[in-house]
Amino acid sequence: MESQRKMMVVFGLVAAVFLHSVTAQTAHVVGGSIGWMIPQNGAQEYVTWASGQEFIVGDTLIFNFATDTHDVVQVPKASFDSCSSANPIGSSITTGPANITLTTTGDHYYICTYGRHCQSGQKLAITVSASATSPGASPSAPTPTSPAPPTTTTPPTTPSPTSDAPCPPIQAPSPSTTTMGPTTSITPGSTAVPPSSSNSPAVEAGLVLCFLSLAMVLLF
């Protein structure tokens, strides 16, 4: 039972360390190496410093200054512009260094209320975002399109010689030709030639009639 309890404690510590590492945010040292003081180049020095930072909810501002020589007060924009301590947001921090955690988004304004420090440029304005801004995305490459399937060309159909060929012209029988029977024709004075492609009885009857007709022509 005791060993299980120890394991649970160890597990809790590991989880706490993990969550802390995941949620850890950035600590911004205000003014960089000069800290929180009257800047030599006026208010523009803190403007330049802030422009190179990215402030996100959860980040911390660290104001480095000697205790009782400066203070830090968050004020609304009107008080920031006029360097007035009227309508402060929270209480003044006079012990340095002062750590302020950013808990809300939007514009935040801080001044030093000692003497004419604010009028001399000891003032800071920042903009806090909810999350980090992703770098500009490069234009996306055009999506490759799938090649169209090859078109199958159907070869032209060769017309059948028997189906599409024109029929030979039908020649009319000569006026001097006398048709005898269904398939045989003779010319007077000539010898009839029986067709060689048929041996049916009808053909044989036609041949007999042809011979009789020829005999009658020769006799008369």
Please compute the Cα-Cα pair-distance distribution of the range 48-117 with 5 Å bins starting at 0, giving whole percents from short to long.
3, 16, 25, 26, 22, 8, 0
Around Asp71, which amide H atoms from residues at least 5 apart in sequence, or from another chain, sit under 5 Å from its own amide H, with H modelled in the peptide plane?
Thr113, Tyr114
Local electrostatic count at Gly96 - Lys and Arg +1, Asp and Glu -1, tallied over other residues with Cβ under 10 Å:
-2
Taking H placed 1.01 Å from N in the peptide plane, check which residues at least 5 places from Phe55 or on another chain put their amide H under 5 Å from its amide H.
Ser129
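No lab work stands behind these numbers, since they all come straight from the coordinates. Predicted model, so just to flag it, every value in this text is computed and none were measured. Neighbour counts are summed over all protein chains in view; Cβ atoms, including those assigned to glycine, are modelled from backbone coordinates with ideal geometry.
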